Structure formats: C-alpha cells, structure tokens
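Questions regarding the structure given below will be posed in turn.
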Amino acid sequence: MIELTKLNETIIMINEDYIEVIEETPDTVITMTTGRKLIVKESRQEIKNLVKSYKREMDGAE
C-alpha cells in the first residue's frame, strides 16, 4: 500500500494494485478499479515513483 495526501491534508493509504488511471487536471485524480475517484496532492510522477518503490520493497522482502 502507498501513502498519499488528500487536498484537506488527510493522509490515506491505498492499495496500488487497484489504481486504474491517474490524471492531472491540474489536480491529481486517481480512478480506482472500483470506479471510486480520489483527488490527492501528489503528482502523477510522485505516485508512479511510490508504486515502483513499494513494489521493489515487496520483491526484496520475499
């Protein structure tokens, strides 16, 4: 799971496997596979880096 910040400063954890689409409009909008949309402060590139880092960490843990 990755940690992100909503616009109201609330920290949330999301399961990166359920991310379907990330758009910058200019806010970053994440659409989950469930259809739920989240607006976060992190950029598309920051989220991509967090997911890559998390997956590397999980691959090393096995």
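Counting just the residues of the range 30-44 that are part of a loop (DSSP other than H, G, I, E, B) and within 13 Å of the chain's Cα centre (by Cα), which one comes out farthest from THR10 (Cα to Cα)?
As a first pass, look at the range 30-44 and keep what is part of a loop (DSSP other than H, G, I, E, B): 33-36, 41-43.
With the extra rule that they be within 13 Å of the chain's Cα centre (by Cα), the set shrinks to 33, 36, 41-43.
Details: THR33: 22, ARG36: 17, LYS41: 10, GLU42: 12, SER43: 16 Å.
Ranking the candidates gives THR33 first.
Sticking with this one: Just one of the numbered conditions (1) loosely packed, with under 11 Cβ neighbours inside 10 Å; (2) part of a helix (DSSP H, G or I) is not true of ILE47; which one?
Unmet condition: (1).
Can I ask one more? Filter the range 5-29 down to the residues that are in contact with a helix residue (DSSP H, G or I) (Cβ under 7 Å, 6 or more places away or on another chain) and assigned to a strand (DSSP E or B), then identify the one that is surrounded by the most Cβ atoms within 10 Å (Cβ to Cβ).
Per the stated criteria, the residue is THR28.
Coordinate-derived values only; no laboratory data. On a predicted model such as this, the values are computed, not experimentally measured, just so you know. We place every Cβ from the backbone using ideal geometry, glycine too, and count neighbours over all the protein chains shown.
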